[in-house]
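A.B. asks: Input: one structure, supplied below.
The values are calculated or read from the model by the stated rules, or taken from the named source; none is laboratory data. These numbers come from a predicted model, not from an experiment. Surface areas here come from the heavy atoms of the whole protein model, side chains and all, with no ligands, DNA or RNA. Shrake-Rupley method; radii C 1.70, N 1.55, O 1.52, S 1.80 Å.
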Amino acid sequence: MAKRRKAAVANSAFCWIDLAVAALTLAAVYFAYLPSKPNTYVYDDIGNFVHNDKYRSLSWDNLKWMATTDYTGPYQPLSWLSLAIDCQLGPDEPWTFRRTNILLHALTSFLLYLLIARLLARSWLGGAPDRVAKFAAAAAMWFYALHPLRVESVAWVTERRDVLSGALLVGTLLLWLRYVRQSTDSPAWYKSTAYWLAFGCFLLSMFAKVWGMTLPVVLLLLDIVPFARRDQAKAWLLEKVPFLAASGWFAWRALQGQKAWAMDMVADHTLVERIMQSLYGLSFYLGKTLWPTRLSPNYQLPMDFAPFSARFLIPALLTVGLVVFLALWRKREPALAIAWLCFAITVSPVLGMFQSGYQIAADRYTYIAIMPANFLLAAGLMRLPRQALYIAMVLSFGLIPLTRTQTLIWYDHMSLWNHVLALDPTNFSALNGRGADYHTQGKLDLAHADFCAAIAQNPAFSTPFENRAGIYIARKQWEPALVDVNHVLSLRPSAVKSLHYRGFIYQNTKQYDKAISDYDRVLQLQPRHAEARNNRGSVLLHLERVDEAITDFSVALEVRPAFPLARLNRGKGCLFLKRFEEAEADFNILLQRKLPSNQQLDVHWNLARIASHRHEWPTALEHLEIAIALYPTNKRLRADLEKTQRHVANP
């Protein structure tokens, strides 16, 4: 009885330790990321959340889209679903989604603490972890949770997939640990339940993001250390088959979403160059973990990549040296070698051998992969005197100021790109990104300069050509705009933005057949492209194919109800066909909107025409007086005003 009472007291103490760690983790993580509250959408957020309505409701059509889409590349149906739920529960603004990211990161971190504590227990096959293991696990977990390398995954709304898949993947490992811990005397149904719960959690993590595709290999390594399951090798190999099959399918599904990048990836660099990039990446991530300075949202792969230059050769040699050291020490400290292999295998899909795109590394790639290093840190802390362990627990919170500072970089596009360019002035992706932000602000000269600088750094990068064409179009410089979009289309014949730009150029240079052809192609690729619908409708309206034009305007408004230009054009089309009630309804809706002065002019002038047709002269005069105030020098408008004034004076 006394032993049971002591055990109950001990378990109660351990429970309070867990609760204290959970509370401290939530408070520290929330405090560390609180500066990100005013942050706007940045980077890929614009395409994912500003120009995308599919996550804004839980309608059946939207759910089907989430389950099947490769929008922007990754296959992540569960991440889309979580964002849609956020949208229903809170205002549709960045902080709503970022706050959930923060909470999910805190959950991932706490689950990591539980996992490390159980693996570190003095006798992990029986009973709860002891107090020292829990303290060491807490310190190591806080070094993970509060490290500035986590900022990209948490503060960037698009990376919901990291924090969600991370929580589910660590949950998978905890459930797997429970399965492995079952003794041979446990009922078969109990072990089976633990196994399938782990497998189900693994599937959910893969539906959030395919980070876990290497987990079956990691489980095999854990069977060696710390599980020491050397007997019945055939059985523990067979139990990984469902995981391997699921990983294979999800890996194939991910490649389908990014196959264009994957095709380019193989051709861009030689095998030697890719090996050197991989060795560099392994060293880079460990180095940034140990010394988190000069962190960037965009580490650009140099265009003149020289694999045997000092920048890449030294980290590669350090990686090789570490591998040799671990191989020699594998019998004395097998956990070191296993942890290294788990790290290298987990991060391998985004190393140089398989990675796509212009980046050589990214902070977010450490979100899952670096966890084995935190286990090693905890194991090392357990060997220290108790006072040193307590000091390490306190020191882990010293990372908070670094993380808070890093979140400010993600405030908006301009702060993000300026930070990248401060670290690397030749970064063509950042030059292009900053140029796009300047364009949004109406600073066309600065935008043009950045696009030209990006092109000078990498003439093979088509996006700044496309964006520079947008500058020329804004300036109505049609010839250079056409040169740029034709260059883009020679590289990417299905580039929707360039096809739309070229159609607009042809429209404004009165090459209407060519304009319609390009708009047709855009709508073939993206049937819900509202701007292309509106612009094609404008051309058709000019050609007096009015019914077809009204159909295009109506589809554009179905896609984007708050599209004033499409509503204005539809009103004009209805007015042309003398469908006055429909035209008046569209124009009256526009009166309630804040419009540019030229659109206000059109609305009032057309409402005046409708009123004149009905001989409602005072109403027509009222609209014409507002219109003439907007455009006092328009002779036709002045003539209409004088004619209406005469009708009012002599009814």
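A.B. asks: Two decimals is fine: what is log10 I(q)/I(0) at q = 0.15, 0.17 Å⁻¹ for the stretch 495-586, from a Debye sum with one equal scatterer on every Cα and no solvent?
C.D. replies: One equal scatterer on each Cα of the stretch 495-586 leads to -0.51, -0.64.
A.B. asks: Right, another one. Going by alpha carbons, how many degrees (0 to 90, nearest 10) lie between the helix axis of 77-89 and the longest principal axis of the chain?
C.D. replies: 70 degrees
A.B. asks: Then there is this: Based on the inverse mean of 1/r over its pairs of different Cα atoms, what is the Kirkwood hydrodynamic radius of the stretch 420-578, in Å?
C.D. replies: Across the stretch 420-578, the inverse of the average 1/r is 16.6 Å.
A.B. asks: Expressed in nm², what is the orientationally averaged projection area of the convex hull enclosing the Cα positions of the chain?
C.D. replies: 36.0 nm²
A.B. asks: On the first, second and third principal axes, largest extent first, how far apart are the outermost C-alpha atoms of the stretch 562-651 in Å?
C.D. replies: Largest first, the stretch 562-651 extends 40, 27, 20 Å along its Cα principal axes.
A.B. asks: Starting from the eigenvalues of the Cα gyration tensor, five times each then square-rooted, give me the equivalent ellipsoid semi-axes of the stretch 364-407, largest first, whole Å.
C.D. replies: 23, 17, 4
A.B. asks: Just to verify a number: what accessible area does L446 come out at with the full protein assembly present, 1.4 Å probe, Å² rounded to tens?
C.D. replies: Using a 1.4 Å probe on the heavy atoms, I get roughly 90 Å².
A.B. asks: Using C-alpha positions alone, give me the convex hull volume of the stretch 265-360 per residue in cubic angstrom.
C.D. replies: With only Cα atoms used, the stretch 265-360 gives 106 Å³ per residue.
A.B. asks: Something else now. Relative to the longest principal Cα axis of the chain, at what angle does helix 635-649 sit, 0 to 90 degrees, rounded to 10?
C.D. replies: For 635-649 against the chain, the angle is about 60 degrees.
A.B. asks: For the stretch 336-394, how big is Rg over Rh, using alpha carbon atoms and the Kirkwood form of Rh?
C.D. replies: That ratio equals 1.15.
A.B. asks: Let me ask something else. Under a 1.4 angstrom probe, counting protein chains only, how are I370, I46 ranked by accessible area, largest first?
C.D. replies: From most exposed to least exposed: I46, I370.
A.B. asks: Can you pull the percent of Cα pairs in the stretch 197-351 with separation above 23 Å?
C.D. replies: Pairs farther apart than 23 Å: 51 percent.
A.B. asks: Additional query: Considering only protein heavy atoms and a probe of 1.4 Å, how much of the accessible area of the stretch 562-638 is carbon and sulfur, as a whole percent?
C.D. replies: Carbon with sulfur: 52 percent of the solvent-accessible area.
A.B. asks: Using a 1.4 Å probe over the heavy atoms of the protein chains, calculate the carbon and sulfur portion of the accessible area of the stretch 209-258 as a whole percent.
C.D. replies: 71 percent
A.B. asks: Can I ask one more? Ranked from the most accessible area to the least, with a 1.4 Å probe and all protein chains present, what is the order of I17, I224?
C.D. replies: I224, I17
A.B. asks: With the calculation restricted to Cα positions, what are the radius of gyration and Dmax of the stretch 42-97 in angstrom?
C.D. replies: Every Cα atom of the stretch 42-97 included, Rg and Dmax give 10.5, 29 Å.
A.B. asks: Would you mind getting the accessible area per residue of the chain, heavy atoms of the protein chains only, 1.4 Å probe, in Å²?
C.D. replies: Counting only protein heavy atoms, the per-residue value for the chain is 47 Å².
A.B. asks: Counting only C-alpha contacts under 8 Å and six or more residues apart, can you give the relative contact order of the chain as a whole percent?
C.D. replies: Once normalised by length, the contact order is 11 percent.
A.B. asks: Moving on. Give the long-range amide H neighbours of A361: residues separated by 5 or more places, or on another chain, with amide H under 5 Å away, using H modelled in the peptide plane at 1.01 Å from N.
C.D. replies: Close amide H contacts, sequence-distant or interchain: Y299.
A.B. asks: Compute the Kirkwood hydrodynamic radius of the stretch 122-250, taking the inverse of the mean of 1/r over all pairs of distinct Cα atoms, and give it in Å to one decimal.
C.D. replies: Across the stretch 122-250, the inverse of the average 1/r is 16.3 Å.
A.B. asks: Shifting gears a bit: Which value, in Å² rounded to 10, gives the accessible area of W252 with a 1.4 Å probe and all protein chains present?
C.D. replies: Using a 1.4 Å probe on the heavy atoms, I get roughly 130 Å².
A.B. asks: Now a separate question. Could you order F451, F199 so the one with the most accessible surface comes first? Probe is 1.4 Å.
C.D. replies: Result of the area sort, largest leading: F199, F451.
A.B. asks: Heavy atoms of the protein only, probe of 1.4 Å, neighbouring chains included. What is the accessible area of F31 in Å², nearest 10?
C.D. replies: F31 exposes around 110 Å² with every protein chain in place.
A.B. asks: Using only the alpha-carbon atoms, how far is helix 530-542 inclined from the longest principal axis of the chain? Give it as 0 to 90 degrees, nearest 10.
C.D. replies: Its long axis makes an angle of about 20 degrees.
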